[in-house]
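Since the structure comes first, as structure tokens, the remarks are kept for the end.
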Amino acid sequence: MKRGRSFSSLLVIITMSFLFQDCWGEKILFFFGGGSFSHKNSAWPLVVKLAERNHEVTIISGVPKSSSTHPRIKDVVSKSLQDSINDSFGVDRFTARSEGKESDLMITYHPHCVKLCKDFLESLKTDKDTASHLFNTSYDLIIVNAIFGECGFGIGHYLEIKKTITYDSTMSLPW
């Protein structure tokens, strides 16, 4: 009799775990160090689906906020990243490629990444909103946009985020 009751209890627990599998959500940080609206926009369906599945999603980028009012999505715009993105658009990538100077793009990419990260980290001293979202939450996962995303890897390491995913909205980068 006791064994039958234990089995019934176990069966109820297993059934309930399947019914409530979406109840426990993770805290996910998206870091878009670079890219344009289209980069962020391409990730948006994933962001919304994660939020619908009870995950808390924070996006830090230099791209204007979305129109979403989903309570589990925090869309944080960093002025520092916004300025960095504007600086990167001063590079005419099409002309450089058409003139066979695409290797010059790789030469300027890395210094721009270092400047972006340095400026972003320095801005956290005065940008209290971004700093608050970054440092006052213990994240379970960081998703880093590949374009100028190197800073995101350092942030993930510093914040001791155990899981990292690189997201690339366009193509695989050569490194």
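The values are calculated or read from the model by the stated rules, or taken from the named source; none is laboratory data. Bear in mind the structure is a predicted one, so any value in this text is a computation, not a measurement. Backbone-built Cβ (ideal geometry, glycine too); neighbour counts: all protein chains shown.
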Open item on the list: Just checking, does the stretch 57-76 include any residue being in a helix (DSSP H, G or I) and either more than 13 Å from the chain's Cα centre (by Cα) or modelled with pLDDT of 75 or more (or both)?
Closed with: no
Open item on the list: Just to be sure before I move on: is Ala96 touching a strand residue (DSSP E or B) at 6+ places or on another chain (Cβ under 6 Å), at pLDDT below 95, small (Gly, Ala, Ser) and at negative phi in the structure I sent?
Closed with: no
- [ ] For the stretch 114-158, name all the residues that are surrounded by fewer than 19 Cβ atoms within 10 Å (Cβ to Cβ), under 21 Å from Trp44 (Cα atoms) and without any contact (Cβ under 8 Å) to a residue 40 or more places away in the chain.
- [x] Phe153
Open item on the list: Any residue at all in the stretch 159-173 that's surrounded by 12 or more Cβ atoms within 10 Å (Cβ to Cβ) and more than 16 Å from the chain's Cα centre (by Cα)?
Closed with: yes
Open item on the list: Here's a check for you: in the stretch 31-53, which residue that is outside any helix (DSSP H, G or I) and hydrophobic (A, V, I, L, M, F, W, C) is farthest from the chain's Cα centre (by Cα)?
Closed with: Phe32
